[in-house]
Structures are given as C-alpha cells and as structure tokens.
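For reference, the structure is listed below as structure tokens.
The values are calculated or read from the model by the stated rules, or taken from the named source; none is laboratory data. The structure presented is a predicted model; accordingly, all values stated were derived computationally and were not measured. Virtual Cβ from ideal backbone geometry, glycine too; neighbours counted across all protein chains shown. SASA here: full protein model, heavy atoms, side chains in, ligands and nucleic acids out. Shrake-Rupley method; radii C 1.70, N 1.55, O 1.52, S 1.80 Å.
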Amino acid sequence: MRIQAAQLAQHLPPKQHLYVLAGDEPLSITESIDQIRAAARQHGAQERASFTVERYFNWGQVSQFLQSFSLFAEQRILEINIPTGKPGVEGGKALQELAGLPAADTTIIITIPAPDRDMTNSAWYEALLQQGVVLIHNQVPLAQLPDWIGQRLALQQQTADEVSRRFIAEQVEGNLLAAHQEIQKLGLLYPAGPLTEEAIRQCVLNVARFDVSQLGEAMLHGDQSRILRIIEGLREEGETAVTVMNPLVWLFRPLLQVRLAMQSGQSMQNALTQARLFGDRQQLVKRALEFLPQKHIEAALQKLSDIDRIAKGVGDGDAWLELSRLCTGIARMAASKSARAGATRTR
C-alpha cells in the first residue's frame, strides 16, 4: 500500500509492521524512521538491528536475526538500508520472504532510493508494496519550499512573510536539512510570533550546500538564474573551474554515446544501460536527449576542452566566464524546449 508521508501517523505500529521508505530526501526519511521507531518502542520494542546492503552483503544475517530468540524484548525493530536499490538475486528473494512474514514481533523498516522502472517491475518491490506501507519521499521543489518553510515555522509558533520565506529558500538552495537547521536556529534566537525580514537576514547565513552535480541539473532544466548562483557559490567556496567542469564532461560524453547508439538502431534503454547511466543521471540524460542534437553535444564537449586549457593557463580568457556562458546557453535551449511543449499543450 502506497501512502503519503502525512498519512504515516495512521499506519504506525502496531497497525502495520512493514515499511518501505523510498526517495532521496534525507530529512523527511529520517523523520519518518524516527516516527516509526518511536511508535514501535511504545509498543514494546527494545531491541534494534540495522543492516546496510553493500557489495557481498550476507543476507543470512537478516535471517539469523529474525530466527534468533530475544531474552530481553518481545518486540524488535529491523532496519535494512539498500543505498543502490539493487538487492541482487539473493536479496530479492530475502525481501519477498520478509514481505510474507506474519505481523509478529518485528517492525521492519526498509530504505531505498526513489523507485525507477526496473525497481517497480521487480517481484520483490511488488511484494513489499502489497504487504507493507510504501512512502515516497520526494524533494520539495524550489517553488514550494517557501510554503514548506512557513509550515515548519508554524510548528514553533513563528511566522514570516513570503519575501522572508523565499529568502531562506534561496539561501539553502532547496536543501531541506539546511532549511530545517536554519528554522531551528530562528526558534532558538527569537520568541514566538512574527519574524521581521531584518531579523531573518541577520540570522540566516548563506548556507547553500553548493554541489557540482547541481550545475548539470540546473542547466538541463533551463534554470539560468540558479546556474549563476551555483557557479558563483562554488567559486566563492574555493572550487577550481576544472573541478566544476569535469562532471559536465562526464555528463556530455555518455550523452553523446547514447545519441550515437540510438542513431545506430539501439533502443534508448539499452543505450543508457551500456553507457552505465542509472538513477538521477539517467533521468538527466533522457531530458537532454529531448532537445540536444548531436552537433550541440559535440560542440559542448569541444567548449569544455577549451575551458580546460584556459583554466590551466594554456589558453586565453576567463574559464569561469566561459563556463557560465556554456551552461546558460544550454539552459536557454532547455527552457525554449519547455516553452514550446507548453504552447503545444495549450492549443
């Protein structure tokens, strides 16, 4: 059964015993885990075992825990974290067995990344979906983050106007954990009631967690203003132009590989698999394929080569400026594609 995070309170132990928390938003997943643990402990759980599924993980450890008898607790908590979302053949069978267990003495919490098509088509995921509670924790879009911030402020009896909430959202660059920390700081520094814009600006530092990988995402989503904020933030944090451009090379090279493979007759999915593109990177490449022809991909790779020479002192120019021009140029193409698609839907 798939539910929304807001519905979790209606499905806590002992009403349910199997939970699947999926997504890439660490704050909301952590909060859901804490909520389930607290309910399980109120129901008598005193013992907890936690496993992280990595390469060569021994699934027998899970079976051993389930079969062991506890002298100290009638109720227990079993947590299994699968960072890749790929448990393997043995793991898939083990998860199906877990799904088939009767609701007895163990609350089971399984964390996985956001489900992709391969995952949702797997027998183990279907078994968990049928027998357990599945919560998908998506990132809060930047446009919705000010409202989310307002809701969190309300929990500590504070309010802020839209301008101030938007200011916080821009400072944390969509990072919920960073936003949560800043909101807690406001709760510690100021009493309940309305917060002034000046107070918020004095309190909230520029805590944007600038990540090089965010640059490619902003570029392919056509967000030019975010591109400039990320590049400026990375530059201020001491990153080099070469460090920032390398992930773009790793994005455009497999993109070209996929484009050429599709032109030779391969399906998109086969081409993506051969290029070793999975998860978020696969989604980015799929988006880029919608508007970037081969000649533009090749031109982008050549431009990145030129920027590399500039950054290393071999060529003339400003590497950061050229990097900004390249990224905003691609972003304009992405935005134009989205605008055309929107105009087609309104006809």
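For segment 217-347, what size does the Cα cloud have along each of its three principal axes, sorted from largest down, in whole Å?
43, 36, 25
Lys286: which lysines have alpha carbons under 29 Å from its alpha carbon, excluding same-chain residues fewer than 8 sequence positions away?
Counting by Cα, and skipping residues close in sequence, Lys286 has these lysines nearby: Lys86, Lys295, Lys303, Lys337.
Under a 5 Å amide H to amide H cut-off, with H placed in plane at 1.01 Å, what residues pair with Thr111 once short-range neighbours are removed?
Leu21, Ile80, Asn81, Ile82
Tell me the GluC sites (Glu not before Pro) within segment 109-192 that lie in a loop according to DSSP and have at most 12 other beta-carbon atoms within 10 Å.
Details: sites: Glu126, Glu162, Glu170, Glu173, Glu182; in loops: Glu173.
Here no loop site has a sparse enough neighbourhood.
Any number yet on Rg/Rh for segment 57-215, C-alpha, Kirkwood?
Values: Rg = 21.5 Å, Rh = 19.1 Å.
Ratio of gyration radius to Kirkwood radius: 1.13.
Residues of segment 26-61 with backbone nitrogen within less than 17 Å of a virtual label 7 Å along the Cα-to-Cβ line of Lys93, please, listed as ranges.
56-61
If amide H atoms are built 1.01 Å from N in the plane of the peptide, which residues on other chains or at least 5 residues away come under 5 Å of the amide H of Arg76?
Residues meeting the amide H criterion: Thr106, Thr107.
Tally up the carbon and sulfur contribution to the accessible surface of the chain as a whole percent, 1.4 Å probe, everything protein left in place.
Details: 9180 of 18540 Å².
Of the solvent-accessible surface of the chain, carbon and sulfur hold 49 percent.
Expressed as a rounded percentage, what relative contact order does segment 69-188 have, with Cα pairs under 8 Å and six or more residues apart? List each step's numbers first, then the result.
On the way: 97 pairs, mean separation 26.1, N = 120.
So the answer I get is 22 percent.
With an 8 Å Cα cut-off and a minimum separation of 6 or more residues, compute the relative contact order for the chain in percent.
Working: 429 pairs, mean separation 52.7, N = 347.
Value for the chain: 15 percent.
Output needed: percent of Cα pairs per 10 Å distance bin for segment 1-122, bins running from 0 to the one holding the longest distance.
12, 46, 36, 6, 0
Putting +1 on Lys and Arg Cβ atoms and -1 on Asp and Glu Cβ atoms, find which of Leu284, Ala99, Leu189 reaches farthest to the positive end of the dipole of the chain.
Leu284
Please turn the phi angles of segment 329-336 into ³J(HN,Hα) values with the Karplus equation 6.51 cos²θ - 1.76 cosθ + 1.60 (θ = phi - 60°), one per residue in order, whole Hz, x for glycine and proline.
x, 5, 4, 5, 5, 5, 5, 5
For the chain, modelled as a GNM with alpha-carbon contacts under 10 angstrom, which of Ala334, Ala154, Ala300 fluctuates the most?
Ala154
So how strong a dipole does the chain carry about its Cα centre when Lys and Arg Cβ are +1 and Asp and Glu Cβ are -1, to the nearest 20 debye? Mind dumping the intermediate values first?
On the way: 35 positive and 37 negative charges, 203 e Å.
The calculation lands at about 980 debye.
Have a look at segment 110-202 and give its Rg and Dmax from the Cα atoms, expressed in angstrom.
17.8, 54
List, in order, the whole-Hz ³J(HN,Hα) value for each residue of segment 84-101 obtained from phi through the Karplus relation with A = 6.51, B = -1.76, C = 1.60 and θ = phi - 60°; use x for Gly and Pro.
In residue order, the calculated couplings are 7, x, 10, x, x, 5, 4, x, x, 5, 5, 5, 5, 5, 4, 5, x, 5 Hz.
Can you give me the distance in nm between label points at Glu239 and Gln61, each placed 7 Å from the Cα along the Cα-to-Cβ direction?
3.4 nm
Under a 1.4 Å probe, what is the accessible area of the chain per residue, stated in Å²? If you can, show how the numbers build up before the last one.
Values: 18540 Å² over 347 residues.
Ligands and nucleic acids excluded, the result is 53 Å² per residue.
Test of understanding: given the chain, find the longest segment containing no chymotrypsin sites (Phe, Trp or Tyr not before Pro) that are in a DSSP loop and have at most 11 other Cβ atoms within 10 Å. Could you put the intermediate results ahead of the total?
Details: sites that count: Tyr56, Phe69, Phe72.
It runs 73-347.
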